[in-house]
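Trainee: Sharing a structure with you now.
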Amino acid sequence: MNIRIIKLSLLALALTGVPSAAQKKPLKQIEQLVTRNEAEPALVFLAADEMRGRDTGSPELNIAANYIATEFRQLGLSTLPGANGYFQQVPMAWKPSVSQAVLTINQSTLALKDDLAVLNGEETSWSGEAVLITPASEMTDNLKGKLVVCMFSADESASFSKARTASNERYAKLTQLGAAALVEVLPSASVNWEGVVSRYSGAKVSIDQNEKAMPRLWVRSNDYEGITNLSAQSYASAKLTIRRNPGRKLNTKNVIAMIPGTDPKLKEEYIMVCAHYDHIGVGRPVNNDSIYNGARDNAVGTVALLMSARYFSKFPAKRSMLFMACTGEEKGLLGSEWYANHPLVPLNKTVFNVTSDGAGYNDKTRVTVLGYDRTTGSPLLDQACLALGLKASDNPKPEMDIYAGSDNYNFARKGVPAIDFSPGFTGFDEELMKYYHQPPDEAASLDYDYLMKYFKAFVYTNHLIANSSAVPYWKPGDPFEATGKALYGK
């Protein structure tokens, strides 16, 4: 054989081996690519006063979206079919507070603020039949057109977040059945009723539905006696009135990009890496500062996302990678909800979600992984964190269902195994709450030595999952296991 051909062949072999060899030293590559010089300017920019807290629908949040899209473009990431460049438009609207709500069942009348909070519902003037069901009742077509009253079960009442999750599921089912409205009695008199009314009946941002959303109301628990003249599956006459002033549409979007996988078979599987890039904007002044900068929540997560995109743009994984900066998380996980209901890649091809979000940190020896023990991925999480001198740990407050408090939840409820990879915390103490949703949460207050470990552990976690021989899955018995089996046809 020609000597020159032999030399060229050897050179080709050596070159084709470079990515493989590099992938054998991912920590070294991560150390080189994930640096403070790359991370800090992005954090400072996103959390600057000039960004005015990146409120959903604000011009400043759109500036942040363009910044993230520019980063994706410069890294050479691919756009997805169905997106407008790197953007997935998310239809949202600002709705003013409810001005009036009156519910009458038989001779009992309940009113807004004193007795009722309105979670969903536009202008409504309805009369018809009301029916009481229990949480265990089988919901069937006989509820069509009815105002449905329901108590929370003991399990649903275990925490406010569990009650809200159960309410969401019941609401979705009754919407499909064509019920006229859902009225639920809050599980405990210990709930801060004024806070509930302010949060849910006040002005808010929500998905802009083409059709009017079915009304959903909560009744203060000590007012339940006013409607106990209902018995299960019996009917009573009812009237419901809701008044709300017109709102306005918002311009906001998810920012999303892709890196194709390198393995001929595994590239058909997608790992979704995401973080929300919005915060809560400008609010009540604290020490003459009214800008809620959102450095920890969630400029940190957005930069973790960008650091991951930077790494995988140089060293693609076996599986394909999706990177999404979500809008509207602070308004109720709205951006990820929209994507989960309108995915640009089929969800049955999206095999795992790693979200980066958190309230801050008060333990710099660890990473708190919400969902740590819910999937088979915990050994990979341990490996990634230990490599950076950190410990991976689960929710330190299991009595609080904070797993459902970030964008990972919208993937999980569809069956996609999902975790929230959060900076380390051991509870909601004074150190954490000093910054959580507060004006002092600025880039200058961050511990960059700790955050660099966190960023690198996040990137390494994504690397291990995306290149693993078997992608992590829900552990047997997990509440989302059955949904996952249905999604993936297992």
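The values are calculated or read from the model by the stated rules, or taken from the named source; none is laboratory data. None of these values were measured; they are calculated from a predicted model. Because the Cβ atoms are built from the backbone with ideal geometry, glycine has one as well, and the counts that use them run over all protein chains shown.
Trainee: Hey, any hits in region 479-488 for a residue that's farther than 30 Å from VAL44 by Cα, over 20 Å from the mean Cα position of the chain (by Cα) and aromatic (Phe, Trp, Tyr)?
Mentor: Scanning region 479-488 turns up at least one residue that is farther than 30 Å from VAL44 by Cα, over 20 Å from the mean Cα position of the chain (by Cα) and aromatic (Phe, Trp, Tyr).
Trainee: In the list LEU370, LEU305, LEU322, LEU347, which residue meets the criterion of being of a type outside the set (Ser, Thr, Tyr) and surrounded by fewer than 21 Cβ atoms within 10 Å (Cβ to Cβ)?
Mentor: Result of the check over LEU370, LEU305, LEU322, LEU347: LEU347.
Trainee: If you don't mind, another one. Is there any pair with a first residue in region 247-259 that is in contact (Cβ under 8 Å) with a residue 12 or more places away in the chain and under 17 Å from THR302 (Cα atoms) and a second that is part of a strand (DSSP E or B) and small (Gly, Ala, Ser) whose Cβ atoms are under 9 Å apart and which are 6 or more apart or on different chains, and what are they?
Mentor: Matching pairs, first to second residue: ASN254/ALA325; VAL255/ALA325; ILE256/ALA325; ALA257/SER78; MET258/SER78; MET258/SER320.
Trainee: Grab the strands (runs of 3 or more DSSP E) fully contained in region 116-175, keeping just those with 1 or more residues being of a type in the set (Phe, Trp, Tyr), within 16 Å of LEU217 (Cβ to Cβ) and touching a residue at least 24 places away in the same chain (Cβ under 8 Å).
Mentor: Fully inside region 116-175 and qualifying: 124-133.
Trainee: Could you tell me whether THR426 is part of a strand (DSSP E or B) and not basic (Lys, Arg)?
Mentor: Here the answer is no, as THR426 does not meet what is asked.
Trainee: With respect to ALA232, is the statement that it is modelled with pLDDT under 95, buried (at least 24 other Cβ atoms within 10 Å of the Cβ), out of contact with any His (no Cβ under 7 Å at 6 or more places or on another chain) and not assigned by TED's automatic domain parsing to the domain that holds MET452 true?
Mentor: Judged against the criteria, ALA232 is not a match.
Trainee: Of the conditions (1) in a loop (DSSP other than H, G, I, E, B); (2) crowded, with 16+ Cβ neighbours inside 10 Å, PRO81 satisfies every one except a single condition; which number is it?
Mentor: Every listed condition holds for PRO81 apart from (2).
Trainee: Within region 459-486, which residues are aliphatic (A, V, I, L, M) and either more than 16 Å from ASN353 (Cβ to Cβ) or not assigned by TED's automatic domain parsing to the domain that holds ASN353 (or both)?
Mentor: Correct list: ALA470, ALA482, ALA486.
Trainee: Whether any residue in region 275-284 is touching a residue at least 24 places away in the same chain (Cβ under 8 Å), within 12 Å of THR355 (Cβ to Cβ) and in contact with a helix residue (DSSP H, G or I) (Cβ under 8 Å, 6 or more places away or on another chain) is what I want to check.
Mentor: yes
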